[in-house]
1. Stretched out fully, how many nm does the piece from B:Gln349 to B:Leu33 gain, at 0.36 nm a residue minus the Cα gap?
2. What is the distance in Å between the Cα centres of the range B:132-207 and the range B:1-53?
3. Whose amide H sits under 5 Å from the amide H of A:Phe64, counting only residues 5 or more places off or on another chain, with H placed in the peptide plane?
4. Given 10 Å bins starting at zero, what is the percent of C-alpha pairs of chain A in each, up to the one with the largest pair distance?
5. In µm²/s, what is D for chain B at 20 °C and 1.002 mPa s, where D = kT/(6 pi eta Rh) by Stokes-Einstein and Rh is the Kirkwood radius from Cα pairs?
6. Residue by residue through the range B:298-313, which ³J(HN,Hα) values in whole Hz follow from phi under the Karplus form 6.51 cos²θ - 1.76 cosθ + 1.60 (θ = phi - 60°), with glycine and proline marked x?
7. For peptide B:125-137, compute the average count of partner chain beta-carbon atoms within 10 Å of each residue's beta-carbon.
8. Looking at chain B as a GNM with Cα springs under 10 Å, which of B:Ser183, B:Ser12, B:Ser158 has the largest mean-square fluctuation?
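The values are calculated or read from the model by the stated rules, or taken from the named source; none is laboratory data. Here the structure is a predicted model, which is why all the values come from computation and not from measurement. Neighbour counts run over all protein chains shown; Cβ positions are idealised from the backbone, glycine included. In case anyone asks, the SASA skips ligands and DNA or RNA and just uses the protein heavy atoms, side chains included. Shrake-Rupley method; radii C 1.70, N 1.55, O 1.52, S 1.80 Å.
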Amino acid sequence: MFDQFLYGTEAAINGLMTGVMYSLVALGFVLIFKSSGIFNYAQGVMALFGALTLVGIQSGQVPFAHLINAIFGTKIHHFGWTLPAILAIVLTIGVMILFAWLVERYLLKHLVNQEPIILFMATIGLAYFMEGVGDLMWGSDIKKIDLPIPQGINGTIDSLTYDWFGYGFYIDNLDIAAAIIAVVLVVALTIFSQYSTTGRALRAVADDHQAALSVGISLRSIWVIVWGIAGFIALVAGVMWGAKSGVQFSLSLITLKALPVLMLGGFTSIPGAIIGGMIIGVGEKVFEFIVSSSWFGDAMGFTMNATENWFAYVLALLFLVFRPQGLFGDKIIERV
Amino acid sequence: MLYREAGDYKKSYAEDSQTFPLKLDRYGYYAILAIAFLVVPFVINDYWASAVLIPFLIWSIASLGLNILTGYCGQVSLGTGGFMAVGAYASYKLMTSFPDLNIMIIVLLSGAITASVGVLFGLPSLRIKGFYLAVATLAAQFFLVWLFNKVEWFYNYSASGQISAPTRSMLGFEVTGPAASASAKYLFCLVLVVLFAWIARNLTRGRIGRSWMAIRDMDIAAEIIGVNPLKTKLTAFAVSSFFIGVAGALFFAVYLGAVEVGEAFGIQKSFLVLFMIIIGGLGSVLGSFIGAAFLVLMPVLLKNIMVIRLGWPGDLAGHLELVIIGGIIMLTLVLEPHGIAQIWRVTKQKLRLWPFPH
């Protein structure tokens, strides 16, 4: 039984790391939701788009090569250079900021004062649009990202835990790196929003749109900044997920995984996004471990597998029934 | 000039409140019905039936269903694909367990089963609102698809995990199975579409429909004036799921014939139906039809132009299609949040006065 417990703990720790990866996506949601009340379904596609753009720029792909080839009958695909990683990252961040500006200019500006649900559906449209544009620009084949992650952390953990328990835990290097990056991001975001002028303006907008407007904060530029930051977080999330499972269409589906994280943690809380991610990550791994194990089968007469597909949603659903605003969300007050 | 109400006198309340109060509209509606029932079945060929007409009819039922829930009652649902899967698997189990049962009864029973599942997943809507609910309905989507994938009883322990529809006939004509003729399938769907459009129209303008709209516009206020939110929301979920379940059953039994659940009823289908009602018009019966027609016809048209005419590769056309659909969704929401149905209404209003506006 003790070794079962150890396997379970290993599953839980791996779940914790996956949960941090979910949180990376959820962070972008929370930022946009707090400052504009928009529930941005396109966050996952932004992650995909960011990662695609980074790989495309770095490997010197010609944007829209397929489309150009189809229209003009040419056969171009690469410029024939590879850019250094730093330059590619800077250029990609530039693209994401441009994207934020375009979204504000052509979509959000026209949808001010609409119901939240209309805005939500608009971002679903945006997600489809971006997905198509991303595929058109860079092609839909699976791309690889190699991250310069220091190897050997997991080896150390493996041998340490082997000494302690007589069983070595396996934890992916990439997951450890993602966890560290997530912590750094949260600290950086907190410092930014607490101690800089822009951060203060951002919090003011989150608090009350009209009051912020009346003291001279430009709502529109704040929105561009927020979408830019969310784009940057999406880029980080996209690169981490891309390094894990390849940059491909399924990356955009992590939005769907981030949604229950948000519901659990509350839409308006940055710590909530992190803790919600961890709960979901650990919960789904441990649940899968329990219901697929042989002793569960002996006790209940059946086993289940691939429960990760729905566990997060059902957990969030049950949780919301008892606490509709999530763990850390602001209390929902309704008036007629 | 031609389209006007002058001389169209109403002599009773019933005449005044009928669905098509203007004579011209009424005759137009009868003409469309006559063409659909008496002309189309004789000229239809397999390509038109399978590429355009039958999908249009089936998606119309589905978007009517979602429109009742989202457009009239204001509860956004992303679980449409899952509920369609319930309809499909219910019809499969009924068809294989009761071979003598009439196919029409099977389809309606699958709708009823889906309605009960819908009510179950609708229960949280009493506590959860807005897009919290939208995300909660994702639980239905993913859980149901997983269930039909993993529990072998649902697909009768077949090795491939697929379900395929056995041959069933209606009034002597085969409507399901490989040998069914295009016009028989088409007529079978058409009868159901007309029936459900009639039901939807009459439900939404009666007491139930008005209580749905009251809940949509402001649920707390509605509760205060005496609308029971529990009953109202759950009836919306039940009716909507009934429609969607019937659409799922038809999609499986009549249209596809064989189905693999993850592919046929995935999350993409939920979005597709949601897009149909956004583009067509939220809270409009006509809008459901327009939206379904639009999103069924557009991919066919785009494919014809890009792949067949211009000879572009298929994946490129697929990506462009995503761009265009996403663009149209955003454009609709920015320019006319009430969809094409609203544009149609405005046009009719203008036409009444044309060519001499005030």
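1. Details: separation 316, 0.36 × 316 = 113.76 nm, distance 2.37 nm.
Roughly 111.4 nm would be gained on extension.
2. The range B:132-207 and the range B:1-53 have Cα centres separated by 27 Å.
3. It is A:Met137, A:Trp138, by chain and number.
4. Going from the shortest bin to the longest, the percentages are 5, 23, 31, 24, 13, 5, 0.
5. 100 µm²/s
6. Ordered by residue, 3J(HN,Hα) equals 4, x, 4, 5, 4, 5, 4, 6, 7, 7, 7, 6, 8, x, 6, x Hz.
7. On the way: counts 0, 1, 5, 6, 4, 6, 12, 13, 4, 7, 12, 10, 2.
Across B:125-137, the average partner-chain Cβ count within 10 Å equals 6.
8. B:Ser12
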